[in-house]
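Here is the structure we will look at.
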Amino acid sequence: MKNTIVVGSQWGDEGKAKVIDVLAEHADVVIRFQGGANAGHTVVVGDQEFVFHLIPSAIMRPTKTCVIGNGVVLDPAQLLHEIEELEGRGFDVRGRLWLAENMQIVMPWHVQLDKLKEKAAGKNAIGTTGRGIGPAYVDKVARSGIRLVDLLDPEGLRLKVESILEEKNILFTKVYEAEALVAAPIVAQYLEYGRKLAPLVANTALLLEKAIKAGKPLLFEGAQGTILDVDHGTYPYVTSSNTIAGSACCGSGVGPTAIQSVIGVVKAYTTRVGNGPFPTELDGELGEKLRTWGGEFGATTGRPRRCGWFDAMVVRKAVRVNGITGLAITKVDVLDQLPEVQICVGYKIDGRLIEDLPVQMREFENVEPVLETMPGWMADTSKAVSWADLPNGAKRYLERLAELSGAPIAMVSVGPRRDQAIFLP
Ligand code: GDP
Ligand code: IMO
Ligand code: MG
């Protein structure tokens, strides 16, 4: 297997974790490189379901090494909770889960600020997951973040927290009229997290270099999706990290020349959680059906996901900005009962076709999707194990998605389980 980056090609929740779990069979090291506990990655193995927010989705495979890279913002309480849950269910992670020593930490003030800002924004809220992601990345770039190494340095951590809170507490009390945070208990709590996580802390860029030199295949696990990317997405209705394939290098310390392929995960339709434009959204009964059939409720917040038709404008952009070499199309089975399906093949504004997603959100709200209708297949795809097993209607639909998106199909997923995956040569 080649060193491969797996990214979401829409607005997140495309089924990346399922694809990672399947592809990890042929990889040695699986790496998360951006985002944080805003991600909700679901893996179904046998009759067990696991939802990971921080731990790479290959941890269920006992021989694989998992890395949380420097580009992630780490909530230590959430990570410890995930580790405990896995250990409680009989999966040992010690000795094969490694954390980048230079990774940023999500601190209590980040979570508090995320929630206060959203509340203050009212109807203009982004609809964040409330996990402190935005404020943590702001502080990283402002060079006032706390990193994992700092949790191993009692005196250093105390000085940093005290100095940071001097500034943050002015914001909390004077601007938001909220409670001030107290340094001492936070320092004690985070030093305790540091003590617990210390055996997992490593120079992960060095670890990855050694793996590459030993010819061990790497698999990079993206979080969120291309149109939630802070540069390329529907700004400001985006997350606060770069979610695209290029981010895998910055977020892990591996150079671009080490990567050979990029898999773009796409749902056979589209979903979005949180606010922001969504031209193919189905508000009525059909949207409700997709939500029910697809189990479209957020894996992190439980919020109902907004559902709509496949949008080829979105995926074409994803193919371009990620350099996607193959598509993994998921949840095809969710469309099995529809007599006809629609695809958005273009966007019009004031009756004129436009070439790419608008950058200005006011303009985006005026987009009219150009829809193409295809017959459905009205047959069960969930038991298909090869391309030949798929009904002709499903094959034609998938071929049309690939043609419009501009990338070949590498894999088709017809159910949440590991064995419900079809590979194309
Ligand atoms: P991620 O964030 O991209 O990893 O995706 P999520 O885990 O948030 O959401 C995907 C959901 O769809 C999960 O509940 C998966 O178990 C489920 N899933 C993944 N692939 C398929 C598929 O091909 N068919 C069906 N029906 N469900 C799938
Ligand atoms: P996975 O990895 C879907 C969305 C939020 C909100 C916006 C900003 O499971 O695909 P944030 O908390 O990141 O500041 O919220 O981004 N969002 C996701 N939507 N899947 C995700 O992750 C998401 N992570 C964040 O709903 O609209
Ligand atoms: Mg998810």
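Among residues other than residue 407 with Cβ under 10 Å from its Cβ, the summed charge is +1 (Lys and Arg +1, Asp and Glu -1).
For the peptides 403-409, 135-141, 89-95, 101-107, the ranking by mean Cβ contacts within 10 Å, running from highest to lowest, is 101-107, 135-141, 403-409, 89-95. Counting only residues at least eight positions apart within a chain, or on another chain, the aspartates and glutamates with an alpha carbon under 13 Å from that of residue 64 are 21, 25, 28, 92.
Based on a Kirkwood Rh over C-alpha pairs, give the Stokes-Einstein translational diffusion coefficient of segment 59-214 at 37 °C and viscosity 0.692 mPa s in µm²/s.
194
Taken along its principal axes, the alpha carbon cloud of segment 20-84 reaches lengths of 28, 24, 17 Å, longest axis first. For the chain, the antiparallel share of DSSP beta bridges with both residues in that region comes to about 40%. Segment 203-218 and segment 118-185 have their alpha-carbon centroids 34 Å apart.
Could you please tell me the mean projected area of the C-alpha convex hull for the chain, averaged over all directions and given in square nanometres to one decimal? Walk me through the intermediate numbers first.
Numbers: hull surface 81.4 nm².
If I average the Cα hull's projected area over directions, I get 20.4 nm².
A Cβ-based charge dipole, computed about the Cα centre of segment 151-207 with Lys and Arg at +1 and Asp and Glu at -1, lands at about 200 debye.
Taking the Cα centre of segment 267-425 as reference, the dipole from Cβ charges on Lys and Arg (+1) and Asp and Glu (-1) amounts to some 480 debye.
Here's the list of lysines a cross-link from residue 115 could span, going by alpha-carbon distance under 18 Å and ignoring same-chain residues fewer than 8 apart: 123, 168, 174.
Helix 285-294 axis versus longest C-alpha principal axis of the chain: approximately 60°, rounded to the nearest ten. Think of segment 241-317 as a dipole: +1 on every Lys or Arg Cβ, -1 on every Asp or Glu Cβ, centred on the Cα centre; then among 315, 264, 274, 264 lies furthest on the positive end.
Please compute the length gained on full extension between residue 101 and residue 355, using 0.36 nm multiplied by the number of residues separating them and subtracting their Cα-Cα distance. Before the final figure, lay out each step's value.
Details: separation 254, 0.36 × 254 = 91.44 nm, distance 4.27 nm.
Result for the pair: 87.2 nm of gain on full extension.
Here residue 331 is the anchor, and the lysines within straight C-alpha reach of less than 16 Å, apart from those fewer than 8 places off in the same chain, are 16, 18, 267, 289, 383, 395. Build a GNM of the chain with springs between Cα atoms under 10 Å apart, and of 271, 42, 257 the one that fluctuates most is 257. Charging the Cβ of each Asp and Glu at -1 and of each Lys and Arg at +1, and nothing else, the dipole of the chain about its Cα centre rounds to 620 debye.
Every number in this text was worked out from the coordinates using simple rules, so none of it is lab data. All values derive from a computational prediction rather than experimental measurement. Backbone-built Cβ (ideal geometry, glycine too); neighbour counts: all protein chains shown.
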